[in-house]
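Reviewing the structure listed below.
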There are 2 protein chains.
Amino acid sequence: MTPAELRLSAREGRWTRPTAGACAGRVQANLMVVPREAAFDFLLFCQRNPKPCPLIEVVEAGRTEPACAPGADLRTDLPRYRVYRDGQLQAEPLEVRELWSPDLVAFLIGCSFSFEEPLAAAGVPLRHVESCVNVPMYRTNRPAAAAGRFHGPLVVSMRPIPAGLVPLAVQITGRFEQVHGAPVHVGAPEALGIADLARPDFGDAVEIRPGELPVFWACGVTPQAAALASRLPFCITHAPGHMFVTDLENAALGR
Amino acid sequence: MTPAELRLSAREGRWTRPTAGACAGRVQANLMVVPREAAFDFLLFCQRNPKPCPLIEVVEAGRTEPACAPGADLRTDLPRYRVYRDGQLQAEPLEVRELWSPDLVAFLIGCSFSFEEPLAAAGVPLRHVESCVNVPMYRTNRPAAAAGRFHGPLVVSMRPIPAGLVPLAVQITGRFEQVHGAPVHVGAPEALGIADLARPDFGDAVEIRPGELPVFWACGVTPQAAALASRLPFCITHAPGHMFVTDLENAALGR
């Protein structure tokens, strides 16, 4: 299935499930849509926090077709959306045509799916994939850099990596700065203010086996958490795991 | 002289000359100041054109002290400014306190001074430095990615490099993505629409000797050119060569 086929399938209401593993090799993106009056602050928040908020593309007010996916429509081509008002979840619709207006600015933010493919290809095991669960994510005690109304903690994802493979995992993900890049921390969850790895704030806990270290990457939930904490009157995101599939090749993001 | 001492000296009107070579090892930055209503478009222009417009810091409306230079004041601490109205140069004052308002947003953009130090340290000759002239710069036939009202050509700087040292020059500057990074082109000026290297659009022509190739880097004049072409009602920049000297270490930008 090509990205265009998947997007059409989502548009027609046939594909409504998560996109993990779909369209292998293609970049998938987080979606955050905010009113124009908040767009400068949100863009600045992303600029100040490039590891959790690596921008793939910004689609200005009045447009719905990103350059990274010609023919796509951001109002319909994700499998499922979330709609928030005043920071409260209001709905999880399959499309948001009726809710869209020429006042909205859309941000496509890189997602760790892009670096998990090269990690797996290099023989780095991914416990949450093996276990068929969501990657565990944690709020940390490190604040993200604030910008205007947007502020909040750095959120990280965690993958247990065999100690001897940690350098390889750092090097591979470090090549992918547009999708979170190298880890922000290795080994000591308490240094990030994480009390219990078995109780993630988002996603699902995974087993850490003897000889493995917990490795922490900046996570794309960081900007969503900041957007919600700011109690924007209105915003739209993708539903967790239901990403926007672009035409970009993961390989093109590496260097 | 420390960066703080140089900034104080500029503030007191004692340092009014260009900053090339001052405060060795510290990051110097281009300044662009625009009204708040244009700030989203300009930030997006920088995001879409990271090679010519690598952001060091954005200083929001209401602030004049950047995080990269504690104690500094952007209204006074550059040796010389340029003031534009409707895209026309109006003045080149030594400070802009009277012109500043809480409506202005300041952008600090990386400058190639930061990568010229490691180039020279690695034995790559820099003809414009040897010749004590400004680096030659050229408008190209490649458009920068537009954002809102901002559009214009990619502007490049050119340094003649002995052919055998081109790979080294690419590798060294490629480590400095926050100050233009790797070259955008090597060798063929006509491919960039440059008719005559002896007639640069900005700066001064330099000799290209036998065995040398012209190597082209994205240039920080690109965002200024776009800002002027957009006929902003009002903007402030540094005067050419009269940069803002930050406390940041060049070495900290490399990777």
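The values are calculated or read from the model by the stated rules, or taken from the named source; none is laboratory data. Since this is a predicted model, take the numbers as computed values, not measurements. Glycine also receives a Cβ, built like all others from the backbone with ideal geometry; neighbour counts cover every protein chain displayed.
Inspect segment A:97-111 for any residue being more than 14 Å from chain B (Cβ to nearest Cβ), crowded, with 21+ Cβ neighbours inside 10 Å and on the phi < 0 side of the Ramachandran plot and give the result as yes or no.
Within segment A:97-111, one or more residues are more than 14 Å from chain B (Cβ to nearest Cβ), crowded, with 21+ Cβ neighbours inside 10 Å and on the phi < 0 side of the Ramachandran plot.
Confirm whether B:E60 is farther than 20 Å from B:S230 by Cβ, of a type in the set (D, E, K, R) and within 13 Å of another protein chain (Cβ to nearest Cβ).
Yes, satisfied.
Please verify whether B:R142 is over 15 Å from the mean Cα position of the chain (by Cα) and either in a loop (DSSP other than H, G, I, E, B) or of a type in the set (D, E) (or both), treating the condition exactly as stated. Don't jump to the end; show me each part of the working.
On the way: over 15 Å from the mean Cα position of the chain (by Cα): yes; either in a loop (DSSP other than H, G, I, E, B) or of a type in the set (D, E) (or both): no.
No, not satisfied.
Does segment A:172-189 hold any residues that are outside any loop (DSSP other than H, G, I, E, B) and under 13 Å from A:R142 (Cβ atoms), and which are they? Walk me through it before giving the result.
Applying the first criterion (outside any loop (DSSP other than H, G, I, E, B)) to segment A:172-189 yields A:172-174, A:177-179, A:185-186, A:189.
Across segment A:172-189, the qualifying residues are A:H185, A:P189.
So which of A:V96, A:V59, A:V27, A:V34 is at pLDDT 95 or above, of a type in the set (V, I, T) and in contact with a helix residue (DSSP H, G or I) (Cβ under 9 Å, 6 or more places away or on another chain)?
A:V34
Which is assigned by TED's automatic domain parsing to the domain that holds A:G87 and in contact (Cβ under 8 Å) with a residue 12 or more places away in the chain, of A:F234, A:F202, A:F216, A:F176?
A:F234
Give the residue, chosen from B:P54, B:P18, B:P50, B:P70, that is more than 25 Å from B:R149 (Cβ to Cβ) and either within 14 Å of chain A (Cβ to nearest Cβ) or modelled with pLDDT of 95 or more (or both).
Matching residue, one of B:P54, B:P18, B:P50, B:P70: B:P70.
For B:E116, indicate whether it is crowded, with 19+ Cβ neighbours inside 10 Å, farther than 27 Å from B:L232 by Cα, among the charged types (D, E, K, R) and more than 14 Å from every other protein chain (Cβ to nearest Cβ).
The answer is yes for B:E116.
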